Amino acid sequence: MARRRGYSVVHLEREAGARGASVRNFGLIWVSGRRAGPELALALRARELWEEIAASAPGTGFRPAGSLTVAASDAELSVLAEAAELPDAKQRDFELLGPPGVRAVNPALRGELAGGLYCRADAIVEPRRALPALRAMLKTGYEWLPGREAVEVAPHGIRDQRGEWHRGDLVVLCTGANLTGVAGPHLAASAHNLRRVRLQMLQTAQFHEPLTTAVADGDSLRYYPAYDVPSRTLLPPQSPVAAAHRAQLLLVQRADGGLTIGDTHSYDEPFSFDVDEDPYDHLRARASALLGCELPPVRRRWAGVYSEVTGTSELYHRSAVAPGVVLVTGPGGRGMTCSPAIAEETFPR
Ligand SMILES: Cc1cc2nc3c(=O)[nH]c(=O)nc-3n(C[C@H](O)[C@H](O)[C@H](O)COP(=O)(O)OP(=O)(O)OC[C@H]3O[C@@H](n4cnc5c(N)ncnc54)[C@H](O)[C@@H]3O)c2cc1C
């Protein structure tokens with residue numbers, strides 16, 4: 001977004017390569033679950049921008065695959081049916097489908113299901129490839145400086161750990177879930193509460209057939225604000241393992257054919273430094289039940305942490321910390337979706 005506005009850009013990253021939430025996520029450009037109003041508007045604008053950017057950076061792996069949120073019971077189907085009748089269902093391109101309709105859209109879903117909500121607005125990118133693809137697209141006017149940690153802020157400038165100052169018209173601090181360090185004092189003084197959330201994920205070997213859409217299970221209805229409809233209160237309790245780990249099944253096929261499967265939500269710090277097998281067993285069983293077959297072997301497991309604003313109607317944290325220095329973080333579980341639109345609105349019109 002800075003390059004589009006004609007700025008030349010210096011990009012500092014404290015690690016040798018990005019290792020934060022932006023490479024650990026599902027790559028879901030998720031419009032379906034967003035809260036009606038400004039959150040949906042931001043996601044829709046971001047979806048538009050992702051598609052536009054991907055035309056110049058095909059390595060991002062953007063594909064307008066859509067998603068299916070699958071109901072396993074009549075109670076879950078009622079929630080989907082209500083969501084499909086909401087005034088903004090058209091913007092999300094929702095369509096309620098029975099089991100044959102679900103299978104016509106995604107033939108790999110051969111398991112038991114009561115129906116599903118097709119969201120044509122949802123899309124997928126490849127999180128492990130997107131950042132290098134974006135950097136490759138920025139051929140001129142862009143300098144990438146890995147291994148540089150911003151440690152001090154001054155008006156229109158930042159100092160890295162080597163003592164070198166980087167100055168410009170605008171400094172944008174995007175420090176992710178790092179709530180201490182250079183952003184720490186500003187976040188501590190801010191009116192916004194930020195919390196960190198830890199998620200567990202896994203990836204399988206190549207699945208034997210294409211998954212034409214992303215897939216979510218009925219547990220996702222409990223977490224996404226778009227499904228805050230009257231019949232949601234009638235959902236039976238989650239299974240004990242899912243409830244203990246605040247798990248929902250999200251399932252995305254990677255460009256190489258593997259399946260990314262998640263996730264869990266943990267809010268209590270200190271976070272575990274290891275990954276817990278119980279929610280993985282649960283998520284694999286759910287995925288296997290929807291696909292109606294055994295999953296390929298697991299190849300990778302990891303956890304990721306994002307930061308999110310709480311107790312505010314703001315969708316993320318943005319504050320001026322010094323003249324010409326703005327801090328942007330805390331987009332929560334919608335950061336991969338909304339990042340291009342957040343970047344766009346970070347620049348003064
Ligand atoms: C497991 C998981 C799954 C998710 N799935 C999705 C999804 O499918 N769709 C969706 O929309 N969102 C998803 N999210 C949320 C999304 O990934 C995040 O909201 C988003 O990536 C946050 O981006 P960020 O740039 O703020 O943070 P990050 O991606 O963490 O980037 C921060 C970067 O800043 C660097 N850094 C920190 N401090 C400094 C410093 N002082 N100097 C220099 N560099 C510094 C860090 O090393 C890091 O590379 C998911 C998150 C997780 C963890």
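The values are calculated or read from the model by the stated rules, or taken from the named source; none is laboratory data. Here the structure is a predicted model, which means the values were calculated and not measured. For neighbour counting, all protein chains shown are included, and Cβ atoms are generated from backbone atoms with ideal geometry for every residue, glycine included. These accessible areas exclude ligands, DNA and RNA; they are computed on the full protein's heavy atoms, side chains included. Shrake-Rupley method; radii C 1.70, N 1.55, O 1.52, S 1.80 Å.
Computed quantities for the displayed model
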read-out	value
Flag for ARG318 being within 14 Å of the ligand (Cβ to nearest atom), free of Cβ contacts under 8 Å to residues at least 60 places away in the same chain and charged (D, E, K, R)	yes
All positions within the stretch 265-283 that are without any contact (Cβ under 8 Å) to a residue 12 or more places away in the chain and aromatic (Phe, Trp, Tyr)	PHE273
Pair list, Cβ under 7 Å, 6 or more apart: the stretch 149-162 residue part of a loop (DSSP other than H, G, I, E, B), other residue open to solvent by 70 Å² or more (accessible area, probe 1.4 Å) and basic (Lys, Arg)	GLU149/ARG14; HIS156/ARG167
Helices (runs of 4 or more DSSP H) within the stretch 68-146 that include 2 or more residues within 24 Å of ASN25 (Cα to Cα) and under 19 Å from the mean Cα position of the chain (by Cα)	127-137
Condition met for PHE273 (more than 21 Å from GLY116 (Cα to Cα), among the aromatic types (Phe, Trp, Tyr) and open to solvent by 30 Å² or more (accessible area, probe 1.4 Å))	yes
Verdict on GLY262 being surrounded by fewer than 14 Cβ atoms within 10 Å (Cβ to Cβ), of a type outside the set (S, T, N, Q) and within 23 Å of PRO331 (Cβ to Cβ)	no
Residue, nearest to ALA177 (Cα to Cα), within the stretch 9-26, restricted to residues that are in a strand (DSSP E or B) and more than 6 Å from the ligand (Cβ to nearest atom)	HIS11
Subset of the stretch 306-315 [within 28 Å of HIS156 (Cβ to Cβ) and near the ligand (Cβ under 10 Å from one of its atoms)]	SER307
Count - residues of the stretch 141-177 that are open to solvent by 30 Å² or more (accessible area, probe 1.4 Å) and either at pLDDT below 95 or acidic (Asp, Glu) (or both)	5
Test set (1) within 15 Å of the ligand (Cβ to nearest atom); (2) among the hydrophobic types (A, V, I, L, M, F, W, C); (3) open to solvent by 10 Å² or more (accessible area, probe 1.4 Å) - ALA136 fails condition number	(1)
Selected residue [among the small types (Gly, Ala, Ser) and more than 15 Å from the ligand (Cβ to nearest atom)] from ALA303, ALA289, ALA247, ALA341	ALA289
Among residues of the stretch 163-179, those that are more than 9 Å from the ligand (Cβ to nearest atom) and either assigned to a strand (DSSP E or B) or of a type in the set (Val, Ile, Thr) (or both), counted	5
Test for PRO348: is it more than 15 Å from the ligand (Cβ to nearest atom) and open to solvent by 50 Å² or more (accessible area, probe 1.4 Å)	yes
Residue among ARG299, ARG286 that alone is touching a residue at least 40 places away in the same chain (Cβ under 8 Å), more than 27 Å from GLU52 (Cα to Cα) and not in a helix (DSSP H, G or I)	ARG299
